[in-house]
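A.B. asks: Input: one structure, supplied below.
Computed from the coordinates by the stated procedures, all read-outs in this text should not be read as laboratory data. All values derive from a computational prediction rather than experimental measurement. We place every Cβ from the backbone using ideal geometry, glycine too, and count neighbours over all the protein chains shown.
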Amino acid sequence: MTAYIIRRLFAVVPVMAVVALFVFFLLRFAPGDPAAIIAGDDATTEAIEAVRVKLGLDRPVVEQFAVWVWGLAHGDLGVSIFSNLAVTRLIAQRLEPTLALTLSTLFVAVALAIPLGVVAAWKARKLVDRLAMGFAVLGFAMPVFVLAYVLIYFFAVRWQLLPVQGYSPIAEGFWPFVQSLILPSVALGVTYMALIARITRASMLEVLQQDYIRTANAKGLATDRVLLLHALKNAAVPIVTVIGIGIALLISGVVITETVFNIPGLGRLTVDAVLKRDYPIVQGLILVFAAVKVVINLMIDISYAFLDPRIRY
Amino acid sequence: MVRVLAVLAALLLPLAASAQEKVLRAVMHADVRVIDPVWTTQTIANIHGALVYDTLFGNDADQKPQPQMVGKYEISPDRLNYTFTLRDGLKFHDGSPVTTRDVIASLKRWGAKDGVGQRLMGYVTEMKAVDDKSFTMTLKEPYGMVLESLGKSGSSIAAIMREKDAMTDPQQQVKESVGSGPFIFAKDQWVPGSKAVYLKNKDYLPRSEPPSSFAGGKVPGVDRIELIWMPDPQTAMSALINGEIDFWENPNTDFLPLLEKAKGVKLLKTGKIDSTQGMIRLNHLQPPFDNPKARQAMYYLINQEDFLRTIVGDPRYYKVCPGLLTCGGPYENDGGAQWMKEYSPKKALQLLKEAGYKGEPITVLAATDHNTITPATQVLIQAMREAGINVDVQSMDWGSVVTRRAKKDPPVQGGWNIFVTTSGGVGSSNPVLHTWIGAACDKGLFGWPCDPEVEKLRNAFGMAKDEAERKTVANALQARAMDDVVFLPFGQWDAPLAYRADRISGIVPNTGLAVLWGITKK
């Protein structure tokens, strides 16, 4: 196992190299010029060119790439073209809100989805199953922003129970922190809940057909023990895979939720940087996202060995 | 037990203290990403700059310059020598005194970067420190816009920085934002793309005059200002109604009816003149618009009401304005207004044909992500299609438009024929500050109109001896610029700002640059 983990970690290097190469050149070939955006509306062509020269954007792309890679080799992700702040600082500022939103969303999704999926599988093709899956389909089909606005309208504007927007760091108090996360994690969690519930149901249905479940039932074990201890554990591999993919997606792709609830997370940082053509931030973020995905995939693979003793590396 | 209580008290005391802190939470039109108001012409950088930095002069609600950092000043009878003396007690946020060395270095940097500053410095032969508090400015000609330029509030204000910051190359951003203005920038709390924080400058000595637009006493009314960036206007509206923010600089006009009904919320017009002017820019370098007749044909496609109804909707917040200089401003006039009297797609096409247009595609850069430019571009495209013009619509985000419009190449090689943009009402009210009215060929703004007579009239405006002469020149300039079609105006509008009237007061209306320093909170 240790050798496998080390081998996988070494495999990160070529993956990151390909990602770095791809992102860098894709950004340079995309239309848009940060110098023109910085210079502003009333800037002349000459003024824009002067800014471009000072930012080093007039240099050959290969030279710019070499400078960036040299920085990366020294652990430097670069500096934002606009704010002059280190990309590492900008990412660090956004990490806590994103992680908090990701974990709280997963908590909401898993807490609802697994019981829903298990019950649906247990009562397969009955009314409970149809209601549960209907709810799941509805949750999956409803755009996040629609649910978000509905939640904001009722819980924040009308009943004034929760804040409309913003993120309160945990250091500023636990209750404000929780309050700021309830609506966004419910809005986002419903989509993931639907996905996980459907996977749980499908996986459970397959397991519930197995002989050992029939045996467990035949020897008179209580239904909850059969479902939770015997069936759910053996149905866990695909569920864990979906949850893991969900973590990776949530960390990099919750732009709409972050925008609607005004949460300063990594998703918004990415979109803002793309729109402003702030190359160093986009490059740094995509590298970080790639690394996160690689690590999460590795963790998922390792978890298989714990969940299913037949899997060995 | 006593120990536990003591710990609890220690924990609660800072909370109590922070609870008394008066915090103004304001949602602006953009996020603060650049902290150097001279390096960029972005308005948001100037709102930041106006909080942190002070200026020698400030233009009041009538666009008249009033002294700000300057205590007294003298102008020689021949209008060639200016002597400025700074007020007593001016200090930067690091505690160092503001001296004429800082002022001269700052003006040189601003004058090297900003269009208005460059024009002013074109007349300045020397700036010399008399002592730490007084300096002279000598001109080669009696340029009449010295004080207005120093006090402008639209883009790139003439911010006074520390000498060491002002020595930064004008093409590079300053690394620190340390000014002598009413608020101190809390860089450690800055989250670009989310929030910028400003703390009250307790050492600031405001002027005694009442505030008027960008002039008068800048009395800090709150302990802390948080400029919050909310990309979703729906969220900003809900947050204002819910009382989570106090001030919203640019509510979408669609939301105004809701905000008018919301408890505790009030709307306020931003200033005496409208805040935005719509402009259609033609590329004078490329056919068919290298021919004046083809440019003039486009006037027949402009029905300002169509544009304004689409962008704003509510007639209370827009104004048809057939001129290039802001209607309602001091130099509004009817020069060239005859061009805007008739909407006739047929006549437009006929004139275009007479100018040699044979149905070649006309490339329009169509921004897809701008709340006013996007709909205005669609109205223009529709009018062009109605006329039977072959329109090549290039849809892209605004970031791509600002890049592509800088290209002088033919449209097939990545250039363009038409783009739509806007200009601030304050700048557009004055022929010298209004850079888009210029026709300085290659040195001008995108579209590159080239008419020495227009530039001559702009200079003449700067040299005018009195207000009457200025008005005469402004009329002639506008007539000439409209004949040349430096741009096609499609009206002006002024979406009001929204605020919690039950929580804050003391907003000073100012067109073009939100003035926040005088706001107090209950």
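A.B. asks: Along the positive direction of the dipole of chain B (beta-carbon charges: Lys, Arg +1; Asp, Glu -1; about the Cα centre), which of B:Gly335, B:Phe490, B:Gln286 reaches farthest?
C.D. replies: Checked the options; the winner is B:Phe490.
A.B. asks: If you project the alpha carbons of segment B:252-410 onto the principal axes, what extent comes out on each, in Å, largest first?
C.D. replies: 59, 35, 27
A.B. asks: Also, quick follow-up: Could you tell me whether chain B comes out rounded, prolate or oblate from its Cα gyration tensor? Rule is a ≥ b ≥ c as square roots of the eigenvalues, rounded for a/c under 1.5, then prolate if a/b exceeds b/c, otherwise oblate.
C.D. replies: Note, shape of chain B comes out oblate.
A.B. asks: If you don't mind, another one. Provide Rg over Rh for segment B:230-339; use the alpha carbon set for both Rg and the Kirkwood Rh (inverse mean inverse pair distance).
C.D. replies: Taking Rh as the inverse mean 1/r over Cα pairs, Rg/Rh reads 1.09.
A.B. asks: A further question follows. Please give, to one decimal in nm, the separation of the simple spin-label points placed at B:Asp203 and A:Arg310, each 7 Å out from Cα toward the Cβ.
C.D. replies: Result for the modelled spin labels: 7.5 nm.
A.B. asks: If you don't mind, there's one more thing I want to ask. Are any of the pairs B:Lys64/B:Lys164; B:Lys175/B:Lys195; B:Lys200/B:Lys272; B:Lys195/B:Lys263; B:Lys175/B:Lys200; B:Lys91/B:Lys164 more than 23 Å apart by Cα-Cα distance, and if so, which?
C.D. replies: Check vs 23 Å cut-off fails for B:Lys64/B:Lys164; B:Lys200/B:Lys272; B:Lys195/B:Lys263.
A.B. asks: For segment A:110-196, what is the per residue volume of the convex hull drawn over the alpha-carbon atoms, in cubic angstrom?
C.D. replies: Expressed per residue, the convex hull around the Cα atoms of segment A:110-196 is 100 Å³.
A.B. asks: What does the structure give for A:200-209 when I average, per residue, the other chain Cβ atoms found within 10 Å of the residue Cβ?
C.D. replies: 0
A.B. asks: Taking Cα atoms, how many degrees apart are the long axis of helix B:43-52 and the longest axis of chain B, rounded to 10 and kept between 0 and 90?
C.D. replies: Taking Cα atoms only, the helix is inclined about 30 degrees.
A.B. asks: Using the 10 angstrom Cβ neighbour count as an exposure proxy, how do A:Trp68, B:Trp493 rank, fewest first?
C.D. replies: A:Trp68, B:Trp493
A.B. asks: Working from Cα positions, state the angle (0 to 90°, nearest 10) between the long axis of helix B:2-20 and the longest principal axis of chain B.
C.D. replies: 40 degrees
A.B. asks: So who's got an amide H within less than 5 Å of the one on B:Lys133, skipping anything under 5 residues away but keeping other chains? H placed 1.01 Å off N, in plane.
C.D. replies: Result for B:Lys133 returns B:Thr100.
A.B. asks: Which residue, B:Ala501, A:Met193, B:Leu325, has the largest displacement toward the positive end of the dipole of the protein assembly as shown when charges sit on each Cβ (Lys, Arg +1; Asp, Glu -1)?
C.D. replies: The residue sitting most towards the positive pole is A:Met193.
A.B. asks: Shifting gears a bit: Once amide H atoms are built 1.01 Å from N in the peptide plane, which residues 5 or more positions from B:Phe490, or in another chain, come under 5 Å H to H?
C.D. replies: Under 5 Å from the amide H of B:Phe490: B:Gly278, B:Met279, B:Ile280.
A.B. asks: Here's a follow-up. So what's the back-of-envelope 222 nm ellipticity for the protein assembly as shown, counting only DSSP H runs of four-plus at -39500 (n - 2.57) apiece and dividing by all residues, rounded to 500?
C.D. replies: -14500 deg cm²/dmol
A.B. asks: Considering only B:Ala112, B:Leu457, B:Ile418, whose Cα is most displaced toward the positive end of the charge dipole of chain B, charges sitting on Cβ of Lys, Arg (+1) and Asp, Glu (-1)?
C.D. replies: Sorting the options by dipole projection puts first B:Ala112.
A.B. asks: Given points 7 Å out from each Cα along the Cα-Cβ axis, report the A:Ala11 to A:Ala222 separation in nanometres with one decimal.
C.D. replies: It is 4.3 nm.
A.B. asks: I've got another one for you. Relative to the compact globular guide of 2.2 N^0.38 Å, what is the alpha carbon radius of gyration of the protein assembly as shown, as a ratio?
C.D. replies: 1.08
A.B. asks: Based only on other Cβ atoms within 10 Å, what is the fewest-to-most ordering of A:Met193, B:Met384?
C.D. replies: Going from least to most buried by this count: B:Met384, A:Met193.
A.B. asks: Another question, then. Which percent, to the nearest 5, of DSSP beta bridges fully inside chain B are antiparallel?
C.D. replies: Of those bridges, close to 80 percent are antiparallel.
A.B. asks: Report the charge-dipole magnitude of segment A:22-108 in Debye, nearest 20, computed about the Cα centre from +1 at each Lys and Arg Cβ and -1 at each Asp and Glu Cβ.
C.D. replies: In debye, rounded to 20, segment A:22-108 gives about 320.
A.B. asks: Rounded to the nearest 0.05, what FRET efficiency do B:Ser76 and A:Val292 give with R0 = 45 Å and r taken as the Cβ-Cβ distance? Could you check?
C.D. replies: Efficiency, rounded to the nearest 0.05: 0.10.
A.B. asks: If you put +1 on each Lys and Arg Cβ and -1 on each Asp and Glu Cβ, how big is the dipole of segment B:215-278 around its Cα centre, in Debye rounded to 20?
C.D. replies: 320 debye
A.B. asks: For segment B:444-522, state the semi-axes of the equivalent ellipsoid (square roots of 5 times the eigenvalues of the alpha-carbon gyration tensor), sorted largest first and rounded to whole angstrom.
C.D. replies: For segment B:444-522, the semi-axes come out at 38, 17, 11 Å.
A.B. asks: Something else now. Using only alpha carbons, build the gyration tensor for segment A:40-93 and give me the equivalent ellipsoid semi-axes, biggest first, whole Å.
C.D. replies: Taking √(5λ) for each eigenvalue gives 24, 17, 6 Å, largest first.
A.B. asks: Averaged over its residues, how many other protein chain Cβ atoms are within 10 Å of peptide A:166-173's Cβ atoms?
C.D. replies: 2
A.B. asks: May I have the pair-distance distribution P(r) for chain A, computed from all Cα-Cα distances with 10 Å bins from 0 and rounded to whole percent?
C.D. replies: All Cα pairs, binned at 10 Å, distribute as 5, 21, 25, 24, 16, 6, 2, 1, 0 percent.
A.B. asks: Label B:Lys269 and B:Thr83 with points 7 Å out from Cα along Cα→Cβ: what is the distance between them in nm?
C.D. replies: For the pair B:Lys269/B:Thr83, the computed spacing is 4.3 nm.
A.B. asks: Something else: Relative to the Cα centre, what is the charge dipole magnitude of segment A:104-259, using +1 at the beta carbon of each Lys and Arg, -1 at the beta carbon of each Asp and Glu, and rounding to the nearest 20 debye?
C.D. replies: Value, rounded to 20: 620 debye.
A.B. asks: Right, here's the next one. Kindly express, to the nearest 10 degrees and within the range 0 to 90, the angle between helix B:100-113's C-alpha long axis and the longest C-alpha principal axis of chain B.
C.D. replies: So the helix axis and the longest Cα principal axis differ by about 30 degrees.
A.B. asks: Normalised by the residues of segment A:1-156, what does the relative contact order come to in percent, with Cα pairs under 8 Å and at least six apart?
C.D. replies: Once normalised by length, the contact order is 9 percent.
A.B. asks: Looking at segment B:309-400, which GluC sites (Glu not before Pro) are DSSP coil and have at most 16 other C-beta atoms within 10 Å of their C-beta?
C.D. replies: B:Glu342
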